[in-house]
Amino acid sequence: MKPLQLLLTSFLAVMAAADGGFMSQCVEYELYISGDQIGIFHALCGVNSQPTHIDLNLCLANVNGMLWWADKGGAMGSCTCVSRRFKTEIIDCQCLDDTGDTRAASMDLNYQIQYDEDKHSLVCFNNYGSA
């Protein structure tokens, strides 16, 4: 995807997120940063605080060291991220840019990731996580 198309797609996706994000229905959430769970965002959501998770590769792209909302963007392949302490919906990352240097990047996951009560799953761009 070309950078301008990616920018437009990201802008439209953010505008479509008017209903709010997962925080309105989830009580605990955090990005896992070790083992086979790297880049997987976990949450307890819904009436019964059911566990669910989503791979952030489905939601974010790394564009020259910056994070952008993008359908199946694959950012976790070139970014190392952690959840912020006390604001775990925000991730802080170090992402490779086009020259191979790292840049600091942050993203508020509540802006685009939502919780689907019917499917008991986190979702972005119609990509559903697992319950």
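The values are calculated or read from the model by the stated rules, or taken from the named source; none is laboratory data. Quick caveat: nothing in here was measured; it's all calculated off a predicted structure. So basically every Cβ, Gly included, is an ideal-geometry build from the backbone, and we count neighbours across all protein chains shown.
Going by what's in this entry, would G35 be described as at pLDDT 85 or above, of a type in the set (G, A, S) and more than 14 Å from E89 (Cβ to Cβ)?
On the way: at pLDDT 85 or above: no; of a type in the set (G, A, S): yes; more than 14 Å from E89 (Cβ to Cβ): yes.
Spelling it out, it is not the case that G35 is at pLDDT 85 or above, of a type in the set (G, A, S) and more than 14 Å from E89 (Cβ to Cβ).
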(request) Among the candidates V82, V123, single out the residue that is in contact (Cβ under 8 Å) with a residue 12 or more places away in the chain, among the aliphatic types (A, V, I, L, M) and buried (at least 17 other Cβ atoms within 10 Å of the Cβ). (result) V123
(request) Would you confirm whether any residue within the range 26-34 is in contact with a His (Cβ under 9 Å, 6 or more places away or on another chain) and in a loop (DSSP other than H, G, I, E, B)? (result) no
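In the range 89-114, which residues are hydrophobic (A, V, I, L, M, F, W, C) and surrounded by fewer than 21 Cβ atoms within 10 Å (Cβ to Cβ)?
Within the range 89-114, the subset hydrophobic (A, V, I, L, M, F, W, C) is 90-91, 93, 95-96, 104-105, 107, 109, 113.
Hits for the range 89-114 are I90, L96, A104.
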(message) Quick check on the range 13-25: of everything there that is out of contact with any helix residue (DSSP H, G or I) (no Cβ under 9 Å at 6 or more places or on another chain) and assigned to a loop (DSSP other than H, G, I, E, B), which residue is modelled with the lowest pLDDT?
(response) A18
(request) Those residues that are under 13 Å from R84 (Cβ atoms) and under 10 Å from the mean Cα position of the chain (by Cα), I need them from the range 100-122; list them, please. (result) M107, D108, L109, N110
